[in-house]
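A.B. asks: Dropping a structure here in structure tokens format, bear with me for questions.
The values are calculated or read from the model by the stated rules, or taken from the named source; none is laboratory data. Model, not experiment: these values are computed from the prediction. Cβ sites come from the backbone with ideal geometry, for glycine too, and all protein chains shown count toward neighbours. Accessible surface areas use protein heavy atoms only, side chains included; no ligands, DNA or RNA. Shrake-Rupley method; radii C 1.70, N 1.55, O 1.52, S 1.80 Å.
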Amino acid sequence: MKPTTTATWRLVCTECGETYDEQAVRYVCPRCAQQQQPGGVTRGVLQVSWQPEALRAGWRRALGVPDRIGLERYRDLLPVGPSAPRIPLLVGDTPTLDVPRLRSRIGMPRLFVKDDTRNPSASYKDRASALVCMKAAEYGEKTIVAASTGNAATALSCVAASLGQRAVIFVPASAPPAKLVQMLCYGAEVVPVDGTYDQAFELSLEATRRFGWYNRNTAFNPFTVEGKKTSAFEIVLALGKVPDAVVVPVGDGVIISGVAKGFRDMIAAGAIDRMPRLIAVQAEGSASIARAVRSGADLEPTIDAHTVADSICVSAPRAGLLAVREIRASGGAGVIVSDEAILEAIGELARHAAVFAEPAGAAAHAGLLAALQQGLVTPKDDVVLLVTGHGLKDIASASKGVKIPSAIRPDAEALKERF
Ligand SMILES: *Cc1c(COP(=O)(O)O)cnc(C)c1O
Ligand SMILES: [Zn+2]
């Protein structure tokens, strides 16, 4: 164990501000956790707080090793010790695409798509799972447990497979079959739960209490936000500057909090001098965070959250308090989109940017259109659309926007009839 006195980072409670050494606490702030309601937003979410000098050194190092792949380039900006393994996968390092046809279609010449469908398990969640699996190895933990709407568990299963770790997954039985099959193929032990994501979350906490398994849950394990900050680094390096706005599909609020953290860490490192506006996109039936940002009121959990975008379907957003604060501090906004708009966005993104997204990923595009209409972004802005999950994960939803043509006879006559 490394001596705490030389630590370049500590854990700080995002609610009460108390700081802890890594050795002192593993998940949430013990003081604030006393206010935890079962099934409620997570109280006392901890974040990694860095010494500015360490961030400056880490950023210099990242600039000096452009050939290091994936998250390894940012290793010195991640809270891992020297004993944490390298992930033998390309996590992160996803392209920030010019999207000429989408740009002209919607009249935004400075639009970019950050294509995070191109992660090993095909979603943004790989960034968090990679860091959590590195920490599990560093701590000597052999079993990692997670509750998930699908992608977090799939990502954990994937990265755990790459390192030979045991993954135990609690997932709503209603998760899209592709995600279930994917995690089973990676060799995870999957426990479908006859209930909601929120109930699966509670069950996984019980498993951690009972069996001591290392818990990856979003906004419960303090390293999920830290892993999810890495796309901000990649965006700034790809654009050579800070964009005006980043549009992020939001469920529990960890991705958007992570993106905020990435930009703030770069400011502390002296690499950039301002934040982009963070635009949170939520679905009508699961919009606690966007509602709170829009109304200025406190966060209220959604009763019976529902949306076609399963990855952003949550009643009590676990990192909701943090996300609302980060969005407000960035000068950003919340937008709310319908399921119809989300389904339509799948086809728009695929046809005009050639990026095939699952509903939650496509929600970013639906949200961008709403934000444009509401004047939250202007056509001149540099805007990055974060597309977070691949379309093949949920074919049932994607197929609502297309019609599979009837087959033809394999002869020239039939060809003539068709065209
Ligand atoms: C998890 C997820 C989100 C939302 O991330 P949160 O951290 O829960 O806000 C968005 N899109 C996809 C594809 C996801 O898997
Ligand atoms: Zn606290």
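A.B. asks: Report, by residue number, each residue of segment 239-251 that is open to solvent by 20 Å² or more (accessible area, probe 1.4 Å) and either within 16 Å of ligand 2 (Cβ to nearest atom) or out of contact with any strand residue (DSSP E or B) (no Cβ under 8 Å at 6 or more places or on another chain) (or both).
C.D. replies: To start, the set of residues in segment 239-251 that are open to solvent by 20 Å² or more (accessible area, probe 1.4 Å) comprises 239-241, 244.
Scanning segment 239-251 gives 240, 241.
A.B. asks: Filter segment 191-217 for residues that are over 14 Å from residue 153 (Cβ atoms) and assigned to a loop (DSSP other than H, G, I, E, B); which is nearest to ligand 2 (Cβ to nearest atom)?
C.D. replies: 212
A.B. asks: In segment 271-320, which residue that is of a type in the set (Val, Ile, Thr) and in a loop (DSSP other than H, G, I, E, B) is least open to solvent (accessible area, probe 1.4 Å)? Don't jump to the end; show me each part of the working.
C.D. replies: Taking segment 271-320 and keeping what is of a type in the set (Val, Ile, Thr), we get 272, 279, 281, 289, 293, 302-303, 307-308, 312, 314.
Then keep just the ones that are in a loop (DSSP other than H, G, I, E, B); that gives 272, 302-303, 307-308, 314.
Numbers: 272: 22, 302: 26, 303: 141, 307: 23, 308: 27, 314: 4 Å².
Among them, the one singled out is 314.
A.B. asks: A further question on this structure: If residue 94 satisfies all but one of (1) farther than 22 Å from residue 152 by Cα; (2) polar (S, T, N, Q); (3) within 16 Å of ligand 1 (Cβ to nearest atom), what's the number of the condition it fails?
C.D. replies: Only one criterion in (1) farther than 22 Å from residue 152 by Cα; (2) polar (S, T, N, Q); (3) within 16 Å of ligand 1 (Cβ to nearest atom) is unmet by residue 94, namely (1).
A.B. asks: Shifting gears a bit: Look through segment 7-25, keep the residues that are in a loop (DSSP other than H, G, I, E, B) and in contact (Cβ under 8 Å) with a residue 60 or more places away in the chain, and return whichever of them is nearest to ligand 1 (Cβ to nearest atom).
C.D. replies: Within segment 7-25, the first condition is being in a loop (DSSP other than H, G, I, E, B), and the residues that meet it are 7-8, 14-18, 21-25.
From what is left, the residues that are in contact (Cβ under 8 Å) with a residue 60 or more places away in the chain are 14-15.
Numbers: 14: 15, 15: 18 Å.
Residue satisfying both the conditions and the ranking: 14.
A.B. asks: Looking only at helices (runs of 4 or more DSSP H) that lie completely in segment 47-152, which have at least 3 residues being small (Gly, Ala, Ser), modelled with pLDDT of 95 or more and open to solvent by 10 Å² or more (accessible area, probe 1.4 Å)?
C.D. replies: 52-64
A.B. asks: Turning to a different aspect of this structure: Which condition number in (1) in a strand (DSSP E or B); (2) within 16 Å of ligand 1 (Cβ to nearest atom) is the one that residue 42 fails?
C.D. replies: Here residue 42 meets the rest and fails (1).
A.B. asks: From the list 414, 364, 396, exactly one residue is in a helix (DSSP H, G or I), of a type in the set (Gly, Ala, Ser) and under 21 Å from the mean Cα position of the chain (by Cα). Which is it? Can you show your working first?
C.D. replies: Values: 414 fails: under 21 Å from the mean Cα position of the chain (by Cα); 396 fails: under 21 Å from the mean Cα position of the chain (by Cα).
That would be 364, the only listed residue that is in a helix (DSSP H, G or I), of a type in the set (Gly, Ala, Ser) and under 21 Å from the mean Cα position of the chain (by Cα).
A.B. asks: From 170, 220, which residue is open to solvent by 10 Å² or more (accessible area, probe 1.4 Å), under 27 Å from residue 33 (Cα atoms) and part of a loop (DSSP other than H, G, I, E, B)? Spell out the reasoning first.
C.D. replies: On the way: 170 fails: part of a loop (DSSP other than H, G, I, E, B).
After applying the criteria, what remains is 220.
A.B. asks: Now for a separate question. Could you please find all residues in segment 252-264 being open to solvent by less than 10 Å² (accessible area, probe 1.4 Å) and assigned to a loop (DSSP other than H, G, I, E, B)? Before you say what the answer is, go through the steps one by one.
C.D. replies: We begin by selecting, within segment 252-264, every residue open to solvent by less than 10 Å² (accessible area, probe 1.4 Å); these are 253-254, 256-263.
If the condition is that a residue be open to solvent by less than 10 Å² (accessible area, probe 1.4 Å) and assigned to a loop (DSSP other than H, G, I, E, B), then 253 is the only one that fits.
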